[in-house]
Amino acid sequence: MSATEQLQKRFEAVLMPNYGIPPVALVRGEGCRVTDADGKTYLDLIAGIAVSSLGYGHPALVAAVTEQAATLIHTSNLFLHEREVELAEKLVSLLGGSARVFFANSGTEANEAALKLVRRAAGPERTYYVSTVAGFHGRTSGSLALTGKPAIRDPFGPFNLDVRFVPHGDVAALREAVTDQCIAVFVEPVQGEAGVVPARPGYLAAVREICDATGAAFVLDEIQSGIGRTGHWFAHQAEGVRPDVLTLAKGLGGGLPIGACVGFGRYGTAFAKGDHGSTFGGNPVAAAAALAVLTTIEQDRLLESVTELGELLAAEITGIGHPLVAAVRGVGLWRGIQLTAPAAAHVQTRAAEAGFLVNAVTPEVVRLAPPLIITRAEILEFTRALPDILNAAARDAEEDQRR
Ligand SMILES: *Cc1c(COP(=O)(O)O)cnc(C)c1O
């Protein structure tokens with residue numbers, strides 16, 4: 001039995017079956033490459049689901065985390081510490097000022113904070129939320145109630161929230177759904193878990209206008225799209241639109257768990273003392289990691305290279321002209337390869353065999369979200385290997401059909 005198989009056996013015996021058994025067991029990483037338990041290396045094009053923005057072992061991130069761990073790991077929110085303040089200052093400045101931040105430990109917690117915040121800010125006449133079909137906001141009950149994926153949501157309901165779903169990008173449906181009794185609209189700029197599906201241009205501006213007209217809060221979930229992934233610090237900045245509440249997580253900590261809920265204007269001060277909290281939220285090590293991520297993106301001018309390399313990645317894949325590829329969607333280093341058959345799982349398996357980590361985000365979409373530090377040479381290494389990977393996956397899919 002291989003080392004991976006041995007670990008999988010131990011995993012299966014003691015971990016809950018909610019993830020299935022992951023096919024690869026990772027041991028270490030350096031740059032954009034990771035090594036598994038049997039010594040095989042992979043070029044990582046998924047970065048722990050758009051999280052490891054600086055790849056693995058980045059000197060700035062490692063230094064920030066080790067130094068902070070040696071100095072002060074935890075304070076709780078009974079005591080303040082400078083890293084948390086510094087990080088909030090940095091985020092507020094990147095967002096153009098006039099905002100306040102609450103720190104959590106994950107994306108779903110950032111959205112739970114947003115849910116409570118907008119409930120607090122709204123009058124009692126407002127009773128319901130609007131969210132989007134196929135949208136994803138997290139796995140805890142509040143965020144799950146807002147999630148437009150019945151298969152993962154409905155087994156755990158009913159929830160104590162009135163949530164109405166509209167198709168993502170459909171302005172007319174949104175206008176219809178949002179009244180002066182709506183508490184908030186929750187939306188992603190690009191639906192990551194639905195297969196990296198962007199809304200049509202102008203959608204966020206329409207959400208802004210509808211929320212302004214009705215007084216509903218505009219909550220933008222940039223948990224996956226934020227922190228440089230799209231070639232902008234935040235995806236909404238490309239549209240010149242500002243939400244009332246912004247949620248962040250994934251790429252923010254470069255792999256350390258941290259989430260943030262940002263309130264603009266009156267939403268920045270809607271929580272009163274005692275309204276919300278988190279024992280671990282904004283802890284010194286996670287905050288130091290996030291500061292290192294933001295500083296590195298800035299100093300290494302990664303936003304420019306994300307745009308350039310993202311375009312290269314999409315053009316190279318499209319250029320293959322493979323019959324299994326219907327389209328390449330997305331923006332920056334965040335792409336969904338829409339397939340012409342439900343072969344995404346095969347592409348993921350064949351890619352791993354060939355030494356590349358990609359993600360079958362839906363049966364027909366392969367998601368790519370590599371570290372923001374990926375190089376041109378690494379992208380070309382992948383796209384040169386892709387025709388063979390797609391050929392093998394297409395054969396696998398044909399075999400499925402014959403069965
Ligand atoms: C991943 C994700 C979440 C949930 O984040 P967790 O850290 O897994 O709780 C919420 N919203 C979006 C858009 C996400 O991509």
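Structure values in brief
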| read-out | value |
| --- | --- |
| Relative contact order of region 60-299, pairs being alpha-carbon contacts under 8 Å that are 6 or more residues apart, as % | 30 percent |
| Dipole moment magnitude, nearest 20 debye, the chain about Cα centre, only Lys, Arg, Asp, Glu C-beta charged | 480 debye |
| Antiparallel bridges, percent of DSSP beta bridges restricted to the chain (to nearest 5) | 65 percent |
| Exposure proxy ranking, count of Cβ atoms within 10 Å, fewest first, for TYR19, TYR128, TYR267 | TYR19, TYR128, TYR267 |
| Per-residue HN-Hα couplings for region 109-117 [Karplus 6.51, -1.76, 1.60; θ = phi - 60°; Hz; x = Gly/Pro] | 5, 5, 6, 4, 5, 4, 4, 5, 4 |
| Relative contact order (%) - the chain, alpha-carbon pairs under 8 angstrom, separation at least six | 21 percent |
| Choice from PHE79, PHE271, PHE382 with maximal GNM fluctuation in the chain (Cα, 10 Å cutoff) | PHE79 |
| Paramagnetic label zone (point 7 Å from Cα along Cα-to-C-beta, GLU125; backbone N under 13 Å) in region 147-189 | 179-183 |
| Cross-link reach list, lysines versus LYS273, counting only Cα pairs under 25 Å and skipping chain neighbours closer than eight places | LYS90, LYS116 |
| Distance in nm between pseudo-label sites at ILE49 and GLU209 (7 Å out along the Cβ direction from Cα) | 3.5 nm |
| Percent of C-alpha pairs per 10 Å bin, region 60-299, short to long | 8, 34, 36, 18, 4, 0 |
| MRE, 222 nm, helices only [DSSP H, n ≥ 4, -39500 (n - 2.57), over the chain, to nearest 500] | -12000 deg cm²/dmol |
| Region 138-225: relative contact order in percent, alpha carbon pairs under 8 Å with at least 6 residues between | 28 percent |
| Cα pair distances of region 1-140 binned at 10 Å [whole percent] | 8, 22, 32, 25, 11, 2, 0 |
| Likely footprinting exposure, ARG403, ARG329, ARG384, fewest C-beta neighbours within 10 Å first | ARG403, ARG384, ARG329 |
| Region 60-299: antiparallel DSSP beta bridges as a percent of all, rounded to 5 | 45 percent |
| Percent breakdown of C-alpha pair distances by 10 Å bin, ordered from the shortest bin, for the chain | 5, 22, 31, 27, 13, 2, 0 |
| Dipole of the chain, positive end: most advanced residue of PHE102, ALA64, SER225 [Cβ charges, Cα centre] | PHE102 |
| Calculated over region 192-277: convex hull of Cα atoms, volume per residue (Å³) | 118 Å³ |
| Among ASN283, ASN359, ASN77, residue whose mean-square fluctuation peaks in a GNM of the chain (springs only between Cα atoms under 10 Å) | ASN77 |
| Centroid-to-centroid separation of region 300-332 and region 365-403 [C-alpha atoms, Å] | 13 Å |
| Choice from PHE103, PHE280, PHE186 with maximal GNM fluctuation in the chain (Cα, 10 Å cutoff) | PHE280 |
| 4 °C / 1.567 mPa s Stokes-Einstein diffusion coefficient of region 252-390, Kirkwood radius on C-alpha pairs, µm²/s | 74 µm²/s |
| If the convex hull is drawn through the Cα atoms of region 273-329, its volume per residue in Å³ | 175 Å³ |
| Student exercise, region 60-299 dipole from Lys, Arg, Asp, Glu Cβ charges, in Debye to nearest 20 | 180 debye |
| Whole-Hz couplings from phi, Karplus 6.51/-1.76/1.60, listed for region 288-301; x for Gly and Pro | 5, 4, 5, 4, 5, 4, 5, 5, 5, 4, 5, 5, 8, 6 |
| Within straight-line cross-link reach of LYS9, lysines at Cα separation under 26 Å, skipping those fewer than 8 residues along the same chain | LYS40 |
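Quick note: the coordinates plus some simple rules give every number you see, no bench work behind them. Everything numeric in this text was worked out from a predicted model, so none of it was measured. For neighbour counting, all protein chains shown are included, and Cβ atoms are generated from backbone atoms with ideal geometry for every residue, glycine included.
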